[in-house]
Amino acid sequence: MKKILLISMFLTVLLSLSSCVSQKKFDSLQSEFDKINRKYNDLNIQSKEIDAQRKALEKEKSELDKKIAELKELQEKLKSEHNIETGGLQSQLQKERDELTRKQAELEKLQKEFNENNKRLIDLQQMLANKDEAVKALRKRVADALLGFEGKGLTVTQKNGKVYVSLEEQLLFKSGDWNIESRGLQAIKELAKVLAVNPDINVIVEGHTDNVPYGGKGGILLDNWDLSVKRATTVARALVDKTGVNPRQISAAGRSEYLPIDDENTTDARRKNRRTEIILTPKLDELLEILETN
């Protein structure tokens, strides 16, 4: 069977234990993705095993057919020469026929199982291909909507079956603050227009900081982790505020300094790490429905 390329997609970025309450929703998506990988591998292995058994049975059937032909030839020879009684030979021939019938029934059963599993694999392959095309189309729609912002603190990329919209701190927030600046709010509202007409997209908003200890508003936030969570939830609210985006599509999480783009301890590296990422992922419902029929 043609080798199937399973596109690693969906939810590879794990939320931290200190994320917002909606962290559970992301964990559920990661669990669904793991289930898809396990089911896909199991079906592929099972299909190969069934195919090997089918080939072995076909070979055994061919050998039985040859043996029956030889027995028939011997039977005719013995009958013509009147050398022996043919009763025992008839009994042996019937036994071989019964064995052949049993093997044929077993072969048919295995063939049916093979065909069913093969169909599921083909359906899954097509579904993954469709999802890949959907992600490509989504990336184009998002990039077109945010064209005026790209290269100005905003990038749109596609990887691991998801679309990433990354916004640098300078586009969204003042240092140590979580109130969105007007230019950044404009970019978020443009993205929300795309999401409002794509209700089948799950959205995760992740806040990221550098490794410089937080020194902002004392008594309100404790540290960078608090700041990253506050920024993520602020962006999430902006995405659904009077935009038509369903809040059920949105999850927010704070990653603090623990998922940097650049590990170097330089000014440029810290600038890159101070960002907000909006991660867009197609829902997994149709894929799970195929796997549940197994």
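What follows draws every value from the coordinates through simple rules; no lab data is involved. These figures come from a predicted structure and were not determined experimentally. A quick note on method: Cβ atoms are made from the backbone with ideal geometry, for glycine too, and the neighbour counts reach across all protein chains shown.
Work out the FRET efficiency for Arg271 and Ala52 from their Cβ-Cβ distance, taking R0 = 45 Å, and round it to the nearest 0.05. Walk me through the intermediate numbers first.
Details: r = 56 Å, r/R0 = 1.26.
The formula returns an efficiency of 0.20 here.
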Distance-filtered residues of the range 241-281 - backbone nitrogen under 15 Å, label point 7 angstrom along Val197 Cα→Cβ:
244-245
Which residues does the label zone of Ser28 cover in the range 233-271, counting backbone N under 13 Å from a point 7 Å along Cα→Cβ?
248-251
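Please find the FRET efficiency linking Glu99 to Ile122, where r is the Cβ-Cβ separation and R0 is fixed at 30 Å, and quote it to the nearest 0.05. Intermediate values should be presented prior to the final figure.
Numbers: r = 34 Å, r/R0 = 1.14.
In this case the efficiency is close to 0.30.
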Taking 0.36 nm per residue of sequence separation and subtracting the Cα-Cα distance, how much length would be gained by fully extending the chain between Ser182 and Lys140, in nm to one decimal?
12.7 nm
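Using r as the Cβ-Cβ distance of Asn41 and Lys174, and R0 as 51 Å, what FRET efficiency do you calculate, to the nearest 0.05?
On the way: r = 48 Å, r/R0 = 0.95.
Plugging the Cβ-Cβ distance into 1/(1 + (r/R0)^6) gives 0.60.
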